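Student: Dropping the structure in here first, questions after.
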């Protein structure tokens, strides 16, 4: 007999937008000024996820907040996530299978640490590193819900560590982008295995608009191609 667990869509909670906007404005302000918080987010996003979403988790399943999909012995051990395709309306694509999520996240966090420690990277290289982390976190989709908020918090933490000021256009909540970036991310996520990184340049071109500093003015040929391809 297959056990079923309740779905979780936090945006349906009463006063969700007001609660999240206040919480995420404070979070973004703290990310900008608090190096210890940035390091915590970068080291393990599971520490931040319940801080934002525990209040929205069903009382019967508090583990929904702060637990990766695919974590054995939990209600998330076999939880798959799909999303509707922008490029093929009426069809869905699947994020990383739950059994792969914990190991994939461990690898990604190790890679992020190495990218942040790369002193030889120039500004464009750092933008590529940011985009790499952003894209792979999105493809893995480690949590049952709230992935976009953690993805943007991680982006803010990494950008600040790289010394890039965040543009006023950027926010953790509400989501500061829609179908244009969603389409680029879909191209990344749905690429054949091993070919995903060829789409990083396209996503980086968009993410650069959320950074000031070296990316504030007009840009030409930001990325001819992804160095990861």
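Student: Tell me the residue from 209, 164, 188 that is within 26 Å of residue 46 (Cα to Cα), free of Cβ contacts under 8 Å to residues at least 60 places away in the same chain and assigned to a helix (DSSP H, G or I), please.
Tutor: Matching residue, one of 209, 164, 188: 188.
Student: I would also like to ask the following. If I filter segment 161-178 down to residues being more than 16 Å from the chain's Cα centre (by Cα) and exposed (fewer than 14 other Cβ atoms within 10 Å of the Cβ), which single residue comes out as nearest to residue 112 (Cα to Cα)?
Tutor: Here the residue is 163.
Student: If residue 152 passes every condition in (1) surrounded by 23 or more Cβ atoms within 10 Å (Cβ to Cβ); (2) outside any helix (DSSP H, G or I) but one, which one does it miss?
Tutor: That leaves (2) as the condition not met.
Student: Out of 102, 45, report the one residue that is out of contact with any helix residue (DSSP H, G or I) (no Cβ under 8 Å at 6 or more places or on another chain), in contact (Cβ under 8 Å) with a residue 24 or more places away in the chain and closer than 28 Å to residue 161 by Cα.
Tutor: Unique residue meeting the criteria: 102.
Student: Consider residue 103 carefully, then state whether it is in contact with a strand residue (DSSP E or B) (Cβ under 7 Å, 6 or more places away or on another chain) and in a helix (DSSP H, G or I).
Tutor: no
Student: For residues that are without any contact (Cβ under 8 Å) to a residue 12 or more places away in the chain, over 15 Å from residue 144 (Cα atoms) and outside any helix (DSSP H, G or I), tally how many sit in segment 4-40.
Tutor: So the answer is 3.
Student: Looking at 80, 88, which is the one that is more than 17 Å from residue 151 (Cβ to Cβ), assigned to a loop (DSSP other than H, G, I, E, B), in contact with a strand residue (DSSP E or B) (Cβ under 7 Å, 6 or more places away or on another chain) and free of Cβ contacts under 8 Å to residues at least 40 places away in the same chain?
Tutor: Just one listed residue meets the conditions, 80.
Just so you know, all these numbers are worked out from the coordinates, no wet-lab data involved. All of these numbers come straight from a predicted model, not from anything done at the bench. Cβ sites come from the backbone with ideal geometry, for glycine too, and all protein chains shown count toward neighbours.
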